[in-house]
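Coordinate-derived values only; no laboratory data. Keep in mind that this is a model prediction, so the values were computed, not measured. Please note: Cβ atoms are built from the backbone with ideal geometry, for glycine as well, and neighbour counts cover all protein chains shown.
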Amino acid sequence: MKSTTPLREITATARTGLTGSWGKSIGIIVIYMLLLAGVTNVPLAGSILQLIFAAPLVVGLHIYFLAAVNRKPNPFSLLFEGFGRFGTSWCAYMLVLLIIFACMIPFGLIAPALFYFVHPDPAIFPEYTMPALFAVVVLLASCFLIGLQMRYYFVLYIVADDNTVRAREAVQRSAELMKGNYWRLALLWLRFTGWQILAVLTLGIGFLWMIPYLSAATAAFYLDVKDNR
């Protein structure tokens, strides 16, 4: 069901949740980024380790910000709560990746099809036909990919919010929650454009405040959508 709560109330809820814990929230983000960077930079096994540990770390991050928005105790240790749901978080993460990969296969098949069917003779097709067709395919594929990513964006939020949920159920519930809410979620993210510009102008320092704010706002949006089902 589409949420009707004004986005300014969503962001206000996020700010309220962060009141008194901005420093801790910034610390959580820094630790999270350092852990991911450390895992990724392990020689030879970085990509594999990131694939294994990214999902539970993201779930832990969501648990922290959901607790903050709900005005519940949110100690640093919540960042590692996702490892207590390792199986579900990892399976849900991999399931989403597989779904997106499968859905994008047709676009990957279009490229060789264009080479095969579009005749190189300029007397048949103008020379700009191939680049134009590729541009259209890339645009359509990008829009489709963004839609898929948004459709399953709340999967790990659901795992963080419900420690009894199964991976497949989390995927289904995310798709259900997003019905009618794609544009509102996009608008919520667009509200942080100014923050992103400011963060860049401060040589990245502003991201230390922007990322916790955005994380809390997205958590508040998820809770609002869930409550309006």
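Compute the relative contact order of the chain as a whole-number percentage, counting only Cα pairs closer than 8 Å that sit 6 or more residues apart in sequence.
Working: 236 pairs, mean separation 78.5, N = 229.
Contact order relative to length: 34 percent.
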With a ≥ b ≥ c from the Cα gyration tensor eigenvalues, square-rooted, and the rule rounded for a/c under 1.5, otherwise prolate when a/b > b/c and oblate otherwise, the stretch 7-227 is prolate
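Under the rule of -39500 (n - 2.57) per DSSP H run of 4 or more residues, summed and divided by the residues of the chain, what mean residue ellipticity at 222 nm is obtained, to the nearest 500 deg cm²/dmol?
Using -39500 (n - 2.57) per qualifying helix, the result is -24500 deg cm²/dmol.
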Most packed first (mean Cβ within 10 Å per residue), the peptides 63-72, 171-180 order as 63-72, 171-180
Excluding residues fewer than 8 positions from Lys179 in its own chain, the lysines with Cα under 22 Å of it are Lys2, Lys226
Given the candidates Met33, Gly82, Val136, the one whose Cα lies deepest towards the positive end of the charge dipole of the chain, counting +1 at each Lys or Arg C-beta and -1 at each Asp or Glu C-beta, is Gly82
Given unit charges at Cβ for Lys, Arg (+) and Asp, Glu (-), the dipole magnitude of the stretch 7-227 about its Cα centre in debye, nearest 20, is 600 debye
Toy charge model, Lys and Arg Cβ at +1, Asp and Glu Cβ at -1: the stretch 170-229 dipole around Cα centroid in debye, rounded to 20, equals 140 debye
Rounded to two decimals, the Rg over Rh value of the stretch 131-229 from Cα coordinates and the Kirkwood Rh reads 1.06
Given the candidates Ile197, Trp22, Val58, the one whose Cα lies deepest towards the positive end of the charge dipole of the chain, counting +1 at each Lys or Arg C-beta and -1 at each Asp or Glu C-beta, is Trp22
Most fluctuating of Pro212, Pro56, Pro73 in the GNM of the chain (C-alpha, under 10 Å) is Pro73
Per the Cα gyration tensor, the stretch 1-50 corresponds to an equivalent ellipsoid with semi-axes, largest first in Å, of 34, 17, 5
